[in-house]
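First comes the structure, then the notes that go with it.
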Amino acid sequence: MSTATTERADERLVRQSYLRRMMGRPELGSVVGAAAVFLFFSFVADSFLQPSSLSTVLYASSTIGIMAVPVALLMIGGEFDLSTGVMVTSSALISSMFSYQMTANVWVGVGVSLLATLAIGFFNGFMLTRTKLPSFIITLGTFLMLTGLNLGFTKLISGTVSTKTIGDMEGFESAREVFASHLTIGGVDLQVTILWWLGLVALATWVLLRTRVGNWIFAVGGGSDAARAVGVPVNKTKIGLYMGVAFCAWISGQHLLMSYDVVQSGEGVGNEFLYIIAAVIGGCLMTGGYGSAIGSAVGAFIFGMTSKGIVYAQWNPDWFKFFLGAMLLLATLLNAWVRKRAEAK
């Protein structure tokens, strides 16, 4: 055996240092960015570090983070979903209108909404795998259809662009406890969506790193043909990822409904880009096969800090999207640099 061959074999047996392993983590760049944003607003906004302010930041982060988690998994699997923003609204509308029109317990509407929303996710995944069209085209079509259905059915049933109030219906208070209640921890008021968010991050991280399904997701994102050649159920994996997105859209939709007991049919348009931005800032590659659920959570936290930090600093909120766009570019460049350094070593 040649010396070169021996050296290559030996390199595989060398244990990497903790620092080198950290350099290879997808979320490293976003963590550095989050620390910089936190320190920045800590200095420029006097009220930013107050417990009530941090609670508001976490709530803003959770509303994006709940959807950023499945979107990150979908991007790791090499696909996109442009219908996520309006799907959240569709989920809320179905719950509200079914409960009101059928004079049923609110939980019946919630259950019907879950089935309908999962069906939308299955439709996206099924159409993708059967037609072989790009996910951009498939989900853009779903986005347009849902946007029209949301407005059309709401005006047809209620006569306006918003649903009727269901706050006085049976089951509403218990549903609000699950999806839109408040918790007081150490004197700080926290929304239950923060617990939903953290729970989803933990579950997604376990799936990605500790299960066969996680290996399938990375394999599919790295290359569908190669994954199929080694026995990965590519079609089932992709359909499952889209249904995971739909499930989290259902959670977000129920929170939207239970928070205000009415829903505007035009809400949610444009939010799909925020979910994708959070995932990309968190280290997910646009080409698939690389990323983490923890990174998406950090990306959502950066979004929450930026959106509320600008308000606490008493700046013009019109600047928010500029900072978000700048953060997206900087995080993407930093992630690319970190990954290149890690691979070089």
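The values are calculated or read from the model by the stated rules, or taken from the named source; none is laboratory data. Note that the coordinates shown come from a computational prediction; the quantities given were computed from them, not determined experimentally. In this analysis, Cβ positions are derived from the backbone assuming ideal geometry, glycine residues included, and neighbour counts consider all displayed protein chains. Just so you know, the surface numbers come from the protein's heavy atoms only, side chains and all, with ligands and any DNA or RNA stripped out. Shrake-Rupley method; radii C 1.70, N 1.55, O 1.52, S 1.80 Å.
Observations, loosely collected:
- Enumeration of residues in the stretch 144-165 that are within 23 Å of the chain's Cα centre (by Cα) and crowded, with 19+ Cβ neighbours inside 10 Å: Leu146, Thr147, Asn150
- All conditions in (1) at pLDDT 95 or above; (2) open to solvent by 30 Å² or more (accessible area, probe 1.4 Å); (3) of a type in the set (A, V, I, L, M) hold for Ala246, with the sole exception of (2).
- Search result, residues across the stretch 226-236 that are within 15 Å of Gly125 (Cβ to Cβ) and open to solvent by 70 Å² or more (accessible area, probe 1.4 Å): Lys236
- Check on Gly141, free of Cβ contacts under 8 Å to residues at least 24 places away in the same chain, under 22 Å from Gly244 (Cβ atoms) and open to solvent by less than 30 Å² (accessible area, probe 1.4 Å): yes
- Applying a threshold of 6 Å to beta carbon distances and a minimum spacing of six or more residues, or different chains, the list of pairs starting in the stretch 83-94 at a residue that is closer than 17 Å to Val106 by Cα and ending at one that is part of a loop (DSSP other than H, G, I, E, B) reads Thr89/Glu267; Thr89/Gly268; Ala92/Val263; Leu93/Val263.
- Enumeration of residues in the stretch 209-225 that are assigned to a helix (DSSP H, G or I) and loosely packed, with under 12 Cβ neighbours inside 10 Å: Arg210, Arg212, Asp225
- Test: residue in the stretch 166-180 that is charged (D, E, K, R), closer than 19 Å to Ser61 by Cβ and over 17 Å from the mean Cα position of the chain (by Cα): no
- In the stretch 149-208, the residues that are without any contact (Cβ under 8 Å) to a residue 24 or more places away in the chain, part of a strand (DSSP E or B) and either touching a helix residue (DSSP H, G or I) at 6+ places or on another chain (Cβ under 9 Å) or among the acidic types (Asp, Glu) (or both): His182, Leu183
- Every residue from the stretch 295-319 that is assigned to a helix (DSSP H, G or I), touching a residue at least 12 places away in the same chain (Cβ under 8 Å) and under 15 Å from Ala45 (Cα atoms): Gly304, Met305, Thr306, Ser307, Lys308, Gly309, Ile310, Tyr312
- Meets criteria (of a type in the set (S, T, N, Q) and either over 17 Å from the mean Cα position of the chain (by Cα) or within 23 Å of Pro26 (Cα to Cα) (or both)) for Thr193: no
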